[in-house]
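Here's the structure, in structure tokens; my notes come after.
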Amino acid sequence: MVKLLKHISLFLISVLVMGVLWWFIADYTTYEDRPQKPIGEYIDLESDFQRLFQLAQDGDTIHLPAGHYKFKKALILDGRNNVTIKGAGMDKTVLSFREQAEGAEGIRVANGHSISVEGFTIQDAIGDNIKAIYVDTLTFRDIKTEWTGIPNTSLGAYGLYPVMCKNILIEACEANRGSDSGLYVGQSENVVIRNNKAYENVSGINVENSGNVDIYNNECYHNTTGLVVLDIPGLTRNCTNVKVHHNKIYSNDLYNFAPDGNVAASNLPSTGILLWAAKETHIHDNKVTDQAFPILISSFLTSYEMTKDKEYVPIAASELARMEVSIEEETSLREDAINKEFEKDKTYRPYTENVVISNNEYSFGSFRKKVQCKDGFLFTLGMKLKNAHVWFDGVNNPNGSTICLQDKSDVIIANMDFANDFENAGLHTGQDYKCASDVLSSTF
């Protein structure tokens with residue numbers, strides 16, 4: 001009898017341990033196990049490719065032939081106009097930077113007009129797979145950007161990374177395993193992001209301090225956070241006129257693998273859409289499903305309070321040299337740098353402003369997804385374990401409209417009253433935040 005009780009006890013303890021392990025790690029297996037092609041099977045024609053980029057003239061097409069190729073240095077196109085960089089097709093032309101020793105990006109395009117990048121796969125750059133800066137009229141089409149290792153902090157930050165550009169089109173692309181964002185646009189204007197897939201990134205699609213942005217018909221899944229719109233201090237422009245519509249955003253429950261201290265490290269797993277001090281943003285007709293936090297809305301003040309006293313690991317001088325950038329050039333990566341900018345940027349408006357949410361479809365992820373990280377547990381506990389479709393920090397814009405809803409009647413908003421430690425937190429219906437008719441008719 002004693003022996004039987006002992007066996008039963010051991011069995012129950014084993015079940016309990018297995019249950020605890022399952023609770024904490026089950027959601028962390030959402031990425032696909034894709035074996036890496038041995039780098040020895042990639043062809044070394046680097047000198048030929050470098051010449052193609054260096055000798056390109058205005059009006060040229062740089063043809064990248066089918067095959068798998070490896071590189072140790074960035075490919076750079078600077079000061080050229082009306083140039084097309086064209087491969088044989090996604091997964092047919094594959095450029096690998098797994099052995100990169102020089103440069104921060106795989107491909108860098110700068111100071112040009114009418115540049116088109118299309119028809120190839122790019123892998124494993126040290127920093128960003130493709131970066132474009134100061135380009136007017138830029139197209140990314142039929143590009144796959146990826147890191148081939150399992151999601152972890154050593155992977156590069158951004159897949160496609162246009163910054164301070166205008167007239168941008170990103171379409172029919174795939175982005176995966178960026179330790180910040182798969183598809184990113186920063187400090188840019190007149191942007192269309194459509195018909196793309198972003199998966200297994202920390203942020204699938206990320207639009208920062210940009211204006212006149214149209215994001216539609218994209219699929220974001222198995223990221224930490226599906227889609228992000230943010231406005232942060234110290235940059236060249238603010239977020240204005242952003243439309244997010246007719247996207248499928250689902251099952252974004254990957255663990256957060258951004259390096260500690262980076263802004264993306266604060267993303268909550270199982271968040272569909274994150275609006276961070278967003279301004280003039282209309283979220284409508286999206287399917288946001290299987291998400292613990294379908295839409296999460298925060299002012300900059302909330303994030304500042306949560307991070308201002310945090311001790312940050314400094315960026316080593318060797319790391320800066322390797323990346324060939326300064327902290328100032330990459331302000332958006334570091335929470336501590338952004339907080340310093342906030343303290344001195346007196347023109348910055350840290351509030352959510354003029355956000356309209358309408359006609360979206362929602363479904364919730366499991367309760368376990370809500371509490372799998374510290375902040376998610378805090379939000380869930382503060383709202384007494386209740387579900388909500390829209391989670392709002394409760395910080396209102398003192399100068400006018402903050403958020404309003406013209407959504408289905410059963411949509412629930414969690415006003416967390418975060419600034420007051422959830423003292424007046426509560427659940428509200430969409431009716432409590434209903435948009436005035438003039439707001440809808442004049443929405444951006």
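Sort segment 59-100 into rounded, prolate or oblate with this rule: let a ≥ b ≥ c be the square roots of the eigenvalues of the Cα gyration tensor; rounded if a/c is under 1.5, and if a/c is not under 1.5, prolate when a/b is larger than b/c, oblate otherwise.
It is oblate, given that a/c is not under 1.5 and a/b is not larger than b/c.
Going from the fewest other Cβ atoms within 10 Å to the most, the residues TYR158, TYR216 appear in the order TYR216, TYR158. Taking a span of 30 Å or more along the helix axis (Cα atoms) and a mean Kyte-Doolittle hydropathy of at least -0.5 as the rule, the DSSP H helices of the chain that qualify are 2-25.
DSSP beta bridges confined to the chain are antiparallel in about 5 percent of cases. A Förster radius of 51 Å, combined with the Cβ-Cβ distance separating ASP260 from LEU55, puts the computed FRET efficiency at roughly 0.75. Rounded to whole numbers, the Karplus 3J(HN,Hα) couplings from phi for segment 347-363 are 8, 6, 9, x, 9, 6, 9, 6, 9, 10, 10, 8, 6, 9, 10, 10, 8 Hz, using 6.51 cos²θ - 1.76 cosθ + 1.60 with θ = phi - 60°, and x at Gly and Pro. Its relative contact order, with pairs defined as Cα atoms under 8 Å and 6+ residues apart, puts segment 207-441 at 19 percent.
Beyond 23 Å in Cα-Cα separation lie the following of the pairs LYS197/LYS374; LYS86/LYS131; LYS279/LYS346; LYS86/LYS144; LYS166/LYS344; LYS310/LYS384: LYS197/LYS374; LYS166/LYS344; LYS310/LYS384.
Before rounding to the nearest 500, sum -39500 (n - 2.57) across all DSSP H runs of length at least 4 in the chain and divide by the residue total; then give [θ] at 222 nm in deg cm²/dmol.
Value at 222 nm, helices only, nearest 500: -5000 deg cm²/dmol.
Taken as Cα centroids, segment 213-250 and segment 346-392 sit 16 Å apart, rounded to the nearest whole angstrom. Here the Karplus relation 6.51 cos²θ - 1.76 cosθ + 1.60, evaluated at θ = phi - 60°, turns the backbone of segment 163-179 into coupling constants of 9, 6, 10, 8, 6, 10, 10, 10, 9, 6, 10, 10, 9, 8, 6, x, 6 Hz, with x for every Gly and Pro.
Between beta-carbons, use under 9 Å as the cut-off and find the net charge around ASP417, counting Lys and Arg +1, Asp and Glu -1. Counting the neighbours of ASP417, the net charge comes to -3. As a rough footprinting exposure proxy, the listed residues ASP124, ASP375 were ranked by other beta carbons within 10 Å of their own, and the order from fewest upward is ASP375, ASP124. Relative contact order for the chain: 9 percent, from Cα pairs under 8 Å spaced at least 6 residues apart, divided by residue count.
Cysteines of the chain lacking any other cysteine Cβ under 4.7 Å from their own Cβ: CYS165, CYS173, CYS220, CYS239, CYS373.
Among ASN217, ASN209, ASN399, the largest mean-square fluctuation in a Gaussian network model of the chain, built with springs joining Cα atoms closer than 10 Å, belongs to ASN399. Once backbone amide H atoms are built at 1.01 Å from N, ASP214 has VAL191, VAL192, ILE193, LYS243 as its partners under 5 Å, excluding neighbours fewer than 5 places away on the same chain. Taking amide H as placed 1.01 Å from N in the peptide plane, the amide H of GLU353 sits under 5 Å from that of ALA278, LYS279, GLU280, each at least 5 places away or on another chain. The amide H of GLN406, built 1.01 Å from its N in the peptide plane, has ILE357, SER358, ASN359, CYS435 as neighbours under 5 Å, considering only residues 5 or more places off or on other chains. Compute the Cα gyration tensor for segment 104-239, then decide on rounded, prolate or oblate, letting a ≥ b ≥ c be the square roots of its eigenvalues: rounded whenever a/c is under 1.5, prolate when a/b is larger than b/c in the other cases, and oblate in all that remain. Rounded, since a/c falls under 1.5. Going by neighbour counts of Cβ atoms within 10 Å, the residues MET306, MET416 line up, fewest first, as MET306, MET416.
Determine the shape class of segment 197-262: with a ≥ b ≥ c the square roots of the Cα gyration tensor eigenvalues, call it rounded for a/c under 1.5, and otherwise prolate if a/b is greater than b/c, oblate otherwise. Oblate is the answer for segment 197-262, as a/c is 1.5 or above yet b/c matches or exceeds a/b. Net charge within 9 Å of LYS166 by Cβ-Cβ distance, Lys/Arg positive one each and Asp/Glu negative one each, not counting LYS166 itself? Every neighbour counted, the sum reads -2.
Any read-out appearing in this document is the output of simple, stated calculations on the displayed coordinates, not a laboratory observation. Note that this is a predicted model, so its numbers are computed, not measured. Using ideal geometry, Cβ is built from the backbone for each residue, glycine included, and neighbour counts are taken over all protein chains shown.
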